[in-house]
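Report on the structure given below.
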Amino acid sequence: MFGSCRDGRLSPVHIELPVPMGVDYGRFLFNVSDMRTLLIGGNGFIGRLVAAELRRKAHAIAVFHRGSAPAPDGVAEILGNRNQLAASTPELRLFAPDVVIDMVVSSGLQAEELMNIFRGVARRVVMVSSMDVYRAVGILHGTESGPLQELPLTEESELRTNLHPYPSADMEFVRKIFPWVTDDYDKIPAESVVMNDRELPGTVLRLPMVYGPGDPLHRFHPILKRVTDERRHIVLPETLAAWRSPRGYVENVAAAIALTATAERAAGRIYNVCEEPTFSELEWARQISGEMKWDGEFVVLPAERTPRHLRKTGNATQHWTASSTRIRQELGYKEPVEIAEAIRRTIQWERENPPAIVAETQFDYAAEDEAVAGYNR
C-alpha cells in the first residue's frame, strides 16, 4: 500500500507484498528532484535520527526494517528482514535509491548480498561499521598478539588479523539487544566487499561507543544508579579508570552519517566518527557525576583489591584513542551538540527510562564498602 501526501508530509508507506511492475514508486511519492536515500535497519537508536537529519536536507527517505515500531512521519517503509534481504529485492530496487545506507550489515556475506541487489541501481552505498575492526581491539581482548598499537587510531591503523572479535557468550548477550547481529558477525570482511566493488562505489563509517537517549545498552546506568543511590564512594579498578576509548553522542553520530551520505567526495573513503578529546573512564565518570552534582569520591584501587564484580578482563594498557580528523577536514564535520549538553540530555533520558532488567550483582555495595574501608586503613 502506498502512502499519500497531506499538507506536504508523507504518511508512512507499508509494502508487504511485491509491488506490481510498472508502478514508479519514487515518482508516485516524491518530487523528481528529491535525492532518494534508503536506510536499511534505519528505524532504531541511530537510524531514526539519520532519517530525520536527511529529511531536513529535503531527501526522499525509505526505511527498510522489521516493523517492530512505526517509522517517523514523512518516511516511507519497506518491511522485511535484514537477514533475508534478497527476499525483498523487488521492493528495494523499485524505490530506486541514489544512496543506500546500511546501518546493520553484520558480515561479508550480507555485504555481498547488499552490493548485488543495488549494483546498477544506486550511485553509492554507505556502510555503518565499527571501530572494533582495529587490531587494538583484539589486543585488548587478548585475541591478537604483538606490541601495543600506536595511538590515536586512524583509518590507516592495522586491522585485526583474527576474525569474529567477541566470545560466544558475549555474542549471545549482544543478540538479545541487537537481533540483526549474526553468528558470523565481523565488520572487516563486510568493509572489504563494500570498498572493493568495481561498479558500485562505497563509503565506510567506523563508529565509536554511541550513547544518548534511546541507548539500548544504557551506558550511563552504572554511574547514574550509584549517584542516585547516594553512594559516597564509587570504586574503579586502576586499569579501567585510566583506559581511554572513543565515544559519540547519538545525534552527532547521526549527523556524521547523513553528512557522508550527501557528500559525493566521500565515495571510496573510510571515516572514523568520534568525539575529541578521548576521555578516560574516570574522566568520563566525573563528567556524568559532575552534571548530577554528586559530591562523593571516586576511589581507584589496584585490580587485586577491587571487588570481583567491578573487574574487567583484557589488556587495558591498549587504549582505543581514535582520531576523527579525516571526516572533519575532508567533509567539514562538526558535532551539532556539545559534549556537556549531550551528557545532560542522556542523564535526563536515563532517569526517565531505567533499564527493564538490572543485574543486581553489578551493584554489590557491601563488597564495594569493604574494599574502600580496606583501602583507607
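The residues in segment 290-338 that are under 18 Å from Ala258 (Cα atoms) and in contact with a Phe, Trp or Tyr (Cβ under 6 Å, 6 or more places away or on another chain) can be counted, and the count is 3.
Any residue at all in segment 134-142 that's at negative phi, of a type in the set (Ser, Thr, Tyr) and not in a helix (DSSP H, G or I)? Yes, segment 134-142 contains at least one residue that is at negative phi, of a type in the set (Ser, Thr, Tyr) and not in a helix (DSSP H, G or I). The conditions of being without any contact (Cβ under 8 Å) to a residue 60 or more places away in the chain, touching an Asp or Glu at 6+ places or on another chain (Cβ under 8 Å) and charged (D, E, K, R) are met by Arg344. Per this entry, Tyr185 is counted among residues that are hydroxyl-bearing (Ser, Thr, Tyr) and under 16 Å from the mean Cα position of the chain (by Cα). Annotation for segment 350-359: no member residue is assigned to a loop (DSSP other than H, G, I, E, B), among the acidic types (Asp, Glu), at pLDDT 95 or above and touching an Asp or Glu at 6+ places or on another chain (Cβ under 9 Å).
Let's see how each residue does on (1) closer than 21 Å to Val133 by Cα; (2) modelled with pLDDT under 95; (3) under 22 Å from the mean Cα position of the chain (by Cα); (4) not aliphatic (A, V, I, L, M):
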{"site": "Leu259", "(1), (2), (3), (4)": "no, no, yes, no"}
{"site": "Arg265", "(1), (2), (3), (4)": "no, no, no, yes"}
{"site": "Leu282", "(1), (2), (3), (4)": "no, no, no, no"}
{"site": "Ile288", "(1), (2), (3), (4)": "no, no, yes, no"}
{"site": "Ala303", "(1), (2), (3), (4)": "no, yes, no, no"}
{"site": "Arg308", "(1), (2), (3), (4)": "no, no, no, yes"}
{"site": "Ala322", "(1), (2), (3), (4)": "yes, no, yes, no"}
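Considering only residues in segment 51-94 that are among the acidic types (Asp, Glu) and surrounded by 14 or more Cβ atoms within 10 Å (Cβ to Cβ), the one that is nearest to Gln110 (Cα to Cα) turns out to be Glu91.
Can you give me the number of residues within segment 128-172 that are of a type outside the set (Ser, Thr, Tyr), more than 16 Å from Lys187 (Cα to Cα) and touching a strand residue (DSSP E or B) at 6+ places or on another chain (Cβ under 9 Å)? Counting residues in segment 128-172 that are of a type outside the set (Ser, Thr, Tyr), more than 16 Å from Lys187 (Cα to Cα) and touching a strand residue (DSSP E or B) at 6+ places or on another chain (Cβ under 9 Å) gives 4. What are the residues in segment 354-369 that are of a type outside the set (A, V, I, L, M, F, W, C) and touching a residue at least 24 places away in the same chain (Cβ under 8 Å), if any? Hits for segment 354-369 are Pro354, Pro355, Thr361, Gln362, Asp364, Tyr365, Glu368, Asp369.
All of (1) in contact (Cβ under 8 Å) with a residue 12 or more places away in the chain; (2) under 23 Å from Arg244 (Cα atoms) hold for Met127 with one exception: (2).
Can Thr346 be described as in contact with a Pro (Cβ under 9 Å, 6 or more places away or on another chain), assigned to a helix (DSSP H, G or I) and among the β-branched types (Val, Ile, Thr)? Criteria met by Thr346.
For Arg206, the requirement of being modelled with pLDDT of 95 or more and under 30 Å from Glu341 (Cβ atoms) is met. Restricted to segment 185-199, and to residues there that are crowded, with 20+ Cβ neighbours inside 10 Å and assigned to a loop (DSSP other than H, G, I, E, B), the residue that is modelled with the highest pLDDT is Asp186.
Checked against (1) in contact with a Lys or Arg (Cβ under 8 Å, 6 or more places away or on another chain); (2) assigned to a helix (DSSP H, G or I); (3) surrounded by 16 or more Cβ atoms within 10 Å (Cβ to Cβ), Glu330 meets all criteria but (3). Can you find, within segment 143-176, the residue that is nearest to Pro216 (Cα to Cα) among those that are of a type in the set (Ser, Thr, Tyr) and assigned to a loop (DSSP other than H, G, I, E, B)? Filtering first and then ranking leaves Tyr166.
Could you list, in sequence order, the residues of segment 129-147 that are small (Gly, Ala, Ser) and either modelled with pLDDT of 95 or more or surrounded by 22 or more Cβ atoms within 10 Å (Cβ to Cβ) (or both)?
Ser129, Ser130, Ala136, Gly138
With respect to (1) within 18 Å of Met35 (Cα to Cα); (2) among the aliphatic types (A, V, I, L, M); (3) in contact with a strand residue (DSSP E or B) (Cβ under 8 Å, 6 or more places away or on another chain), the lone exception for Leu79 is condition (1).
Out of all the residues in segment 294-308, is one or more touching a helix residue (DSSP H, G or I) at 6+ places or on another chain (Cβ under 7 Å), in a helix (DSSP H, G or I) and over 24 Å from Phe45 (Cα atoms)? The answer is yes, given that some residue of segment 294-308 is touching a helix residue (DSSP H, G or I) at 6+ places or on another chain (Cβ under 7 Å), in a helix (DSSP H, G or I) and over 24 Å from Phe45 (Cα atoms).
The values are calculated or read from the model by the stated rules, or taken from the named source; none is laboratory data. All values reported here derive from a predicted model rather than from experimental measurement. Please note: Cβ atoms are built from the backbone with ideal geometry, for glycine as well, and neighbour counts cover all protein chains shown.
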